[in-house]
């Protein structure tokens, strides 16, 4: 029986990038295709009174360091040697997340992900600058001017807002969030559980 598996993402999360790199392995092993759902992490944080772990861990001795250790272990385990923490972090992802919605509507979301994810978490681009966004997209074979025009359209804005509201209503409080037949799993460290749920 096929499972409905959703991957709620925002480019602003390094753990979304790390998950994105590993998901194809899970898809290959399980024969199940993940559906990518663009949401706005800032909107989720606002609606749930949550904050970035970088902020939440301030003043807590050792916790922030441990979370970076977990990232290092994950990177090593999966051979993700191109990962590079974005030097402009935190990046306002509103424009590129609306771009993801537009790309989904235009049927090119996988290609858009292949261009924007590395720009954020491999080559450390300032992906809240429209000129940088256009340059990155153009270089990756995506029409940057078209995307920047599309993100101003009301239906694109409304869809991202609706996706974000729906995510919160379904229990999301951060990114990455996964749903397997409606059952929620949070974080890259739950990917093993996600795979087990698919196979169950």
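The values are calculated or read from the model by the stated rules, or taken from the named source; none is laboratory data. This one's a predicted model, so the numbers in the text were calculated from it and none came from an experiment. FYI the Cβ positions are ideal-geometry reconstructions off the backbone, even for glycines, and counts take in every protein chain you see.
A search for C-beta distances below 8 Å between a residue of the range 24-49 that is without any contact (Cβ under 8 Å) to a residue 40 or more places away in the chain and any residue that is assigned to a loop (DSSP other than H, G, I, E, B), counting only pairs 6+ apart in sequence or on different chains, returns 27/33; 35/4. Taking residue 24, is it more than 17 Å from residue 189 (Cβ to Cβ) and surrounded by fewer than 16 Cβ atoms within 10 Å (Cβ to Cβ)? Yes: the conditions hold for residue 24. Residue check: is residue 74 crowded, with 17+ Cβ neighbours inside 10 Å and in a loop (DSSP other than H, G, I, E, B)? In short, no. For the residues 82, 111, 63, the requirement of being closer than 22 Å to residue 8 by Cβ and either in contact with a helix residue (DSSP H, G or I) (Cβ under 9 Å, 6 or more places away or on another chain) or surrounded by 15 or more Cβ atoms within 10 Å (Cβ to Cβ) (or both) singles out 111. Is one or more of the residues making up the range 11-18 surrounded by 12 or more Cβ atoms within 10 Å (Cβ to Cβ), at pLDDT below 95 and closer than 28 Å to residue 103 by Cβ? No, the range 11-18 contains no residue that is surrounded by 12 or more Cβ atoms within 10 Å (Cβ to Cβ), at pLDDT below 95 and closer than 28 Å to residue 103 by Cβ.
Each residue in the range 126-145 was checked for being buried (at least 17 other Cβ atoms within 10 Å of the Cβ) and either part of a helix (DSSP H, G or I) or without any contact (Cβ under 8 Å) to a residue 24 or more places away in the chain (or both), and 5 pass. Search the range 162-188 for residues being out of contact with any helix residue (DSSP H, G or I) (no Cβ under 7 Å at 6 or more places or on another chain) and surrounded by 14 or more Cβ atoms within 10 Å (Cβ to Cβ), and hand back the single one that is nearest to residue 48 (Cα to Cα). Per the stated criteria, the residue is 165. Restricting the range 35-69 to residues that are part of a helix (DSSP H, G or I) and farther than 16 Å from residue 175 by Cβ leaves a set whose member that is modelled with the lowest pLDDT is 64.
If we scan the range 167-183, do we find a residue that is in a helix (DSSP H, G or I), within 23 Å of residue 70 (Cβ to Cβ) and at pLDDT 95 or above? Within the range 167-183, none of the residues are in a helix (DSSP H, G or I), within 23 Å of residue 70 (Cβ to Cβ) and at pLDDT 95 or above. When you check residue 118 against the structure, is it surrounded by 12 or more Cβ atoms within 10 Å (Cβ to Cβ), at pLDDT 95 or above and outside any loop (DSSP other than H, G, I, E, B), yes or no? Taking the combined requirement at face value, the residue satisfies it.
Looking at the range 92-104, which of the residues that are more than 16 Å from residue 20 (Cβ to Cβ) and out of contact with any helix residue (DSSP H, G or I) (no Cβ under 7 Å at 6 or more places or on another chain) is surrounded by the most Cβ atoms within 10 Å (Cβ to Cβ)? If we take residues in the range 92-104 being more than 16 Å from residue 20 (Cβ to Cβ) and out of contact with any helix residue (DSSP H, G or I) (no Cβ under 7 Å at 6 or more places or on another chain), then 94 is surrounded by the most Cβ atoms within 10 Å (Cβ to Cβ).
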